[in-house]
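Worksheet: one structure, shown below.
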Amino acid sequence: MKVSIEHSVPMNNGDAALIFALGEALGNYGLDITYTTFNLDFAQENYGRHKWSQSILSSKITKLPFIGYLVLFFYVLLSSYYKNLDGVIASPGGYLHGYYKGTKRKLQLLVLVKRIHKRTICMYSQSVGELSQSETAYLKRNLSHFDLFYVRDQISYRRLQALNVNDLDNVRLTADAAFLLESLPRKESAAGIAFSVRSWSRGNRDKSKYYNLVFKLVGECIRLGFDVTFLSTCQGISGYTNDASVAEEIYHSMPAAWQKRVFIDKEYNTLDQLRSKLAGFKYVIGTRLHMCILAWLSNTPALNISYEEKGVECYQYLQIPMYSIDYNHDGDIAPLLQQFLADDHEHVFQTIEDLRKKSLDHVLELIEAISNNQAHSTKKNSQ
């Protein structure tokens, strides 16, 4: 069966973890996977072992209010790409949010594939944020078109419940898609603490409070004898978000004595390269959620700085909510950090293994939905 994973963003290693975790899980069951992306040249250069296609949504004309939808409609109608697929799955992640542009178009593309070609469409491991009025109305009208709609946290599930549709029989609660990845062993030489930082101004976030929080955490890590390395899932790509610039701002505010113990890794890393690096640290303190998840999947315990609700939600189902700190935490952080460093984290690693098993069950359910639709289409075409 041929399946497309839509709207993939491999430039961000958090998104790369999500799409490849899902794609490889499906591929292990024999499905033929293609990823559509806005960044085709980058994807082919850095992840050439996978199959790629340029997303129609990368065309500026699809962003126009009325003409854009018409272009999208005729593209899906005439496209051999979508006609020859058995299923289309939206890239896992968190783009269903009013913060991000193009949310409605992404939904429209999936719904058009369903309505025109009768293909299975699924949303997998998605966060649902606060949508605009137009986006909310569209999702409410078209939620029933999705064969399966997996959300990755309770808040997202409650937002779908708040739509007041007739039923939510096609909606499931699952874990973050990255937990489909197999865990890596930690390196015997593991040492130091990796920090990921990021700029975030939405939701009335206060940059000065965040910088002060990171400053205090770095100082406490150094006092406890650790070297610190700034490292991120987003860095080293010209024209794309670069968290190393945020790290440099914080670094230059530090005393000279601290700077001797602090390093900034500015290089671009593929997903595999980043995972290998994370396995070389004793601990991670991550603002980007997937820096934390990938650390746990490298047997490296991770403390989360949560800039929006997805971090808190993820640490809830990891059963360690106390280790997700608010982005604007104010006050003494040393006791919590010391507790985190002293804790026995084996129960978390077991929880992660349990999450992976449950997630694989959801993948099998997804495959069954695609298979059933394929069998129905084949029977109908033969009559």
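Coordinate-derived values only; no laboratory data. It should be emphasised that the depicted structure is a prediction, and the values quoted were computed from it without experimental measurement. Ideal geometry is used to build each Cβ from the backbone, glycine not excepted, and the neighbour counts take in all protein chains shown.
Here the extension length gained between Glu249 and Phe66 equals 61.6 nm, from 0.36 nm per residue of separation less the Cα-Cα distance.
Taking only the C-alpha atoms of the stretch 288-383, the Rg (one decimal) and the largest Cα-Cα distance, Dmax (whole number), read 19.8, 71 Å. Within the shell defined by Cβ-Cβ distances under 14 Å, the residues around Gln339 carry a net charge of -4, with Lys and Arg each +1 and Asp and Glu each -1.
Charging the Cβ of each Asp and Glu at -1 and of each Lys and Arg at +1, and nothing else, the dipole of the stretch 193-343 about its Cα centre rounds to 220 debye. Across the options Ser183, Val111, Ile61, the greatest Cα extent toward the positive end of the charge dipole of the chain (unit charges at beta carbon of Lys, Arg, Asp, Glu) belongs to Ile61. Run down the lysines and flag those whose C-alpha is under 27 Å from the C-alpha of Lys266, throwing out any fewer than 8 positions away in its chain. Within the straight-line limit of under 27 Å, Lys266 reaches these lysines: Lys187, Lys207, Lys209, Lys216, Lys277, Lys282, Lys310. The computed volume of the Cα convex hull per residue in Å³ for the structure shown corresponds, within (1) 153; (2) 202; (3) 143, to (3). Compute the Cα gyration tensor for the stretch 193-343, then decide on rounded, prolate or oblate, letting a ≥ b ≥ c be the square roots of its eigenvalues: rounded whenever a/c is under 1.5, prolate when a/b is larger than b/c in the other cases, and oblate in all that remain. Here the stretch 193-343 falls in the rounded category.
Using only side-chain charges placed at the Cβ, +1 for Lys and Arg and -1 for Asp and Glu, the dipole size of the chain relative to its Cα centre rounds to 1340 debye. Once both labels are positioned 7 Å from their Cα atoms along Cα-to-Cβ, the gap between Tyr268 and Asn204 label points is 3.9 nm.
Taking the charge dipole of the stretch 28-129 about its Cα centre, with +1 at Lys and Arg Cβ atoms and -1 at Asp and Glu Cβ atoms, the residue from Ser91, Thr120, His50 reaching farthest to the positive side is Thr120. Here the stretch 184-277 is assigned +1 on the Cβ of each Lys and Arg and -1 on the Cβ of each Asp and Glu. Its dipole about the Cα centre then comes out at about 260 debye. Between Ile155 and Ala257, the FRET efficiency estimated from the beta carbon spacing at R0 = 30 angstrom works out to 0.10. When the chain is treated as a Gaussian network with alpha carbon springs shorter than 10 Å, the biggest mean-square fluctuation among Thr233, Thr120, Thr351 belongs to Thr351. Structure remark: mean-square fluctuation, Gaussian network model of the chain, C-alpha springs under 10 Å; the largest value among Leu336, Leu294, Leu271 belongs to Leu336. Scanning the chain for long hydrophobic helices, with DSSP H runs required to stretch 27 angstrom or more by C-alpha along their axis and to average at least -1.0 on the Kyte-Doolittle scale, returns 346-382.
Farthest toward the positive end of the dipole of the stretch 159-232, out of Thr174, Tyr210, Ser232, is the Cα of Tyr210, where the dipole comes from beta carbon charges about the Cα centre. The simple Förster model, with R0 at 56 Å and r as the Cβ-Cβ distance, assigns Asp330 and Ser79 a FRET efficiency of 0.60.
The distance linking the stretch 24-67 with the stretch 282-323 is 28 Å (Cα centroid to Cα centroid, whole angstrom). Excluding same-chain neighbours fewer than eight residues apart, the lysines reachable from Lys51 by a Cα-Cα span under 19 Å are Lys2, Lys83. For the chain, modelled as a GNM whose springs connect Cα atoms under 10 angstrom apart, the maximal fluctuation among Tyr138, Tyr315, Tyr157 occurs at Tyr138.
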